[in-house]
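Peer 1: Would you mind keeping the following structure in view while I ask a few things?
The values are calculated or read from the model by the stated rules, or taken from the named source; none is laboratory data. Note that the structure is predicted; figures quoted are calculated from it, not measured. A quick note on method: Cβ atoms are made from the backbone with ideal geometry, for glycine too, and the neighbour counts reach across all protein chains shown. Note: areas computed on protein heavy atoms with side chains; ligands, DNA, RNA excluded. Shrake-Rupley method; radii C 1.70, N 1.55, O 1.52, S 1.80 Å.
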Amino acid sequence: MSRLKPTNDFIFKKIFGQTKNADLLKDLLESILTDIKIYKVQINKDVSLERKMITDKLGILDVVATLNDDTKVNIEMQVKNNYNTVERSLFYGTGEYYQNLERGEDYINTPCSISIWITDYNVFEDGPFHEKAKLKREYENKVLTDKLQLHYIQLPKFREKCKRISSKLEEWLTFIENENLEEIKMINNKYVKKAEEELEYLTR
């Protein structure tokens, strides 16, 4: 039995971008950002990047949340490959980063900005299905800052490499990209099960 998938950005936003589903977003983010202890998730509704001029690009963000009162995260679901994912993710990530600083506040206080891109195509030919990127110095490849982070989660690589679910992230990606309802129901994660109920409600 096939079903509509959350790779549809409208459905993705309805499932993960509503305040009542903050627990679903928290569980998904915990599976991606394994080095951050997440104790609070506040979903920010209908966020777009500020335009300085009317001719500037307007970035409409899919799902935006604040973690633990400061860290900003935006998640984008992208199905069509326009061959500009890296450039767009930099535009969105840096835009969210500079907008986080209040007028008159010291730059040192700028919160961390994390941009997560889940793509139904491969962004990079090589590497793992979950790729992390940070700004680094050329000298000894040292990390320049942790305040701007990019994550690329590539579904074709996941489908190719994941033969057996062995992590929470793999549970969520199976929910997102799999058309087989029976396989989804076999996932023993209460948040994935709740997300599937939400999906069934949205698509009935």
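Peer 1: Going through Leu202, Leu101 one at a time, which residue ends up being more than 18 Å from Ile15 (Cβ to Cβ) and surrounded by 12 or more Cβ atoms within 10 Å (Cβ to Cβ)?
Peer 2: Leu101
Peer 1: Right, something else. Restricting to region 4-41, give me the number of residues that are part of a loop (DSSP other than H, G, I, E, B) and not hydrophobic (A, V, I, L, M, F, W, C).
Peer 2: 11
Peer 1: If I ask for residues that are under 17 Å from Thr34 (Cα atoms) and either touching a Cys at 6+ places or on another chain (Cβ under 8 Å) or open to solvent by 50 Å² or more (accessible area, probe 1.4 Å) (or both), which ones from region 166-180 would you list?
Peer 2: Selection gives Ser166, Lys168, Glu170, Leu173.
Peer 1: Oh, and also: Of all the residues that make up region 131-161, how many are surrounded by 17 or more Cβ atoms within 10 Å (Cβ to Cβ) and either farther than 25 Å from Ile114 by Cα or of a type in the set (S, T, N, Q) (or both)?
Peer 2: Selection size over region 131-161: 2.
Peer 1: Looking at region 114-134, which of the residues that are out of contact with any His (no Cβ under 8 Å at 6 or more places or on another chain) and in a strand (DSSP E or B) is nearest to Tyr83 (Cα to Cα)?
Peer 2: Among those that are out of contact with any His (no Cβ under 8 Å at 6 or more places or on another chain) and in a strand (DSSP E or B), it is Thr119.
Peer 1: Continuing with this model, one more query. What is the number of the single condition among (1) outside any helix (DSSP H, G or I); (2) crowded, with 17+ Cβ neighbours inside 10 Å that Glu196 does not meet?
Peer 2: Against the list (1) outside any helix (DSSP H, G or I); (2) crowded, with 17+ Cβ neighbours inside 10 Å, Glu196 comes up short only on (1).
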